[in-house]
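Read-outs throughout are calculated quantities, based only on the coordinates presented, and are distinct from any laboratory measurement. Given the structure is predicted, the values throughout are model-derived calculations rather than measurements. With ideal geometry, Cβ positions are generated from the backbone for all residues, glycine too; neighbour counts draw on all protein chains shown.
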Amino acid sequence: MSTHSALVQNFKDLYNKCKLIEVLKLIDDFPVLDDFDIYSEVQMFKSICLFELSRFDEGTMVMENLLNRQKKERQGKQIQEIDIIVRILLLWQLYFSDQENLKRVYEFTDQLYEICKKYSLQFSDIKYYNHGIYQFGIGTCSFFEYYYEIDNLECVDYFIKCIDQVPQYEYQILNSIGWIYIMKNKYEESLKWNKRLYEKCPSFPGVANNLSVCYMNMEMYEEAKECIHYAEKLCPSNVVILNNVAQIYELTKDLQNATKYHKMSYQLNPKFSQTCYQYGLFMIDNGFEKEAIQILEKGLNENPDCYMIYEQLVQLLYEKEDYEKCLQYLEKGIQLNPNDPRFYVSTGSFYFNSAEYGHAIKNLKNALVILENKKWTSLKIEAMAYLGSCYFYLEQYEEALNYYFQAINQDIKSYDFRVEIKNIALILDFQLICKGSQFNSISKGNIASSNILK
């Protein structure tokens, strides 16, 4: 093993022990490198450590500098394994740093997909390249492609297949699988994978936190506290961990400690959107609405793309009957995020609740245009169901049936269709449309829709 390779292995070992400050010190003292592959790995770990320490701006800067240099270095040359690994692991960190603002994540996902394809096409036979690296990359792309499809676990199949083929990144793959199951609300399955990693390397960054999230959602609060405080001990400046400590204390009705940890997280990084959102929500729940609005508005100024902060502000202002300001935030959200369908659906629902059905229809149809090429079934259903109800109250019953059936035909289990089915029954039972139109609408549906009418 070369001197450089030995040094790289040294800071890998330190990283696995969550000695992040030591890794950064070692990297800063690292000799100037001519080998771009080793340089890439070094800078990748530097960026990841900064992200784990919640130094998001610094981590992003190191990441962008590395990717810009990678683009120049590889121009006209073959894609190397490290190029894919760098993009995979940095993409995950970019995602973890802000799970609500996926705009940049999707840009990076598209780039990763193209690089994976180019990598595989460089070789005439699968035996000449590391297929595990390729599967790790494609699996990561699949996760983000189907991010909002709660039942889609195609990405896990890719990851499981590549574990043995990429042993040097086994921990990262196990960590990814564990997190994916959390995002799909499959906590027992996540617990299994997180325990597998924890037994191999309990200090690996993130695994103790992820275990605590599993236990918290399974209402095993003592186990959750044990894991989250171990995670906090390993990395006390990680705001995601501090937010989760606060949440566990909230759930166990320890408001004093919940307040303490929310404040700690907010003071460490007041720009972090999840901290602003969770702290603001905590203040609302405990009757401090004025302070909550200030926290949420500050979070929005720092994170104008963060939908969940808009959503919480609009809900709070709606309950206070400040409809004018509600609409201002919704319009601002659309202006700054014209390609995010959630803002159009929220604006559509606002107008629906205000009985301004024309404005509601316009926004909901805009959402469906954006959603046409997106794998986001739950949001499509919501938009279609609202459209059906808009037309129902406008007494345009054939259009109402059309959108109700489109929504129901998506065949998703997580949406409650009782209101829509009730309205369908009213339309048909009271013969609000002619028989010909009835059958025309039914024919557009599948068997699931037809069964509703029986």
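Averaging Cα coordinates gives a centre for the range 276-292 and one for the range 361-433; these two points are 34 Å apart. Annotation: extensible slack from Glu356 through Asn16 equals 116.8 nm (criterion: 0.36 nm per residue apart, minus Cα-Cα distance). Out of every Cα-Cα pair that the range 338-434 contains, those further apart than 17 angstrom amount to 47 percent. Over all other residues within a Cβ to Cβ distance under 14 Å of Lys365, the charged ones net out to -1, with Lys and Arg as +1 and Asp and Glu as -1. Ordering 339-345, 156-162 by mean Cβ neighbour count within 10 Å, with the highest value first, yields 339-345, 156-162. The length gained on full extension between Asn152 and Lys263, counted as 0.36 nm times the residue separation minus their Cα-Cα distance, comes to 36.3 nm. Farthest towards the positive end of the charge dipole of the range 338-434, among the residues Asn373, Phe350, Ser389, is the Cα of Asn373, using unit charges on the Cβ of Lys, Arg, Asp and Glu. Label sites at Lys25 and Gln9, each approximated as a point 7 angstrom past Cα along Cα to Cβ, lie 2.3 nm apart. Under 14 Å of direct C-alpha separation, and excluding same-chain neighbours fewer than eight residues apart, Lys19 reaches these aspartates and glutamates: Glu52, Glu232. If you average the alpha carbon positions of the range 233-267 and of the range 142-220, how far apart do those two centres end up, in angstrom? Each part reduced to its Cα centre gives a spacing of 23 Å. Only DSSP H runs of four or more residues enter the estimate; each adds -39500 (n - 2.57), and after division by the residues of the chain the mean residue ellipticity at 222 nm equals -24000 deg cm²/dmol. If you plug the beta carbon distance of Glu291 and Phe96 into 1/(1 + (r/R0)^6) with R0 = 22 Å, you get a FRET efficiency near 0.20.
Stretched out straight at 0.36 nm per residue, the stretch from Gln410 to Arg104 would grow longer than its current Cα-Cα span by 107.3 nm.
Between the C-alpha center of the range 330-356 and that of the range 12-80 there is a gap of 40 Å.
Considering only alpha-carbon pairs that sit under 8 angstrom and 6 or more positions apart, the relative contact order computed for the range 338-434 is 23 percent. Once you have a ≥ b ≥ c as the square roots of the Cα gyration tensor eigenvalues for the range 166-209, tell me rounded if a/c is under 1.5, and otherwise prolate or oblate according to whether a/b is larger than b/c. Here the range 166-209 falls in the prolate category. Kindly state, to the nearest 0.05, the FRET efficiency for Phe123 paired with Tyr393, given R0 = 60 Å and r defined as their beta-carbon distance. Approximately 0.50, to the nearest 0.05. Which pairs in the list Lys192/Lys413; Lys103/Lys422; Lys117/Lys161; Lys118/Lys184; Lys325/Lys413; Lys17/Lys195 are over 28 Å apart, alpha-carbon to alpha-carbon? Among Lys192/Lys413; Lys103/Lys422; Lys117/Lys161; Lys118/Lys184; Lys325/Lys413; Lys17/Lys195, the Cα-Cα distance tops 28 Å for Lys103/Lys422; Lys118/Lys184; Lys325/Lys413. For the chain, what's the relative contact order in percent, using C-alpha pairs closer than 8 Å and at least 6 residues apart? Rounded, it is 8 percent for the chain.
The mean sequence distance of close C-alpha pairs (under 8 Å, at least 6 residues apart), as a share of the length of the range 301-371, puts its relative contact order at 26 percent. If you take the square roots of the eigenvalues of the alpha-carbon gyration tensor of the range 1-113 and sort them as a ≥ b ≥ c, do you get rounded (a/c under 1.5), prolate (a/b over b/c) or oblate? Judged from the Cα gyration tensor, the range 1-113 comes out oblate (a/c at least 1.5, b/c at or above a/b).
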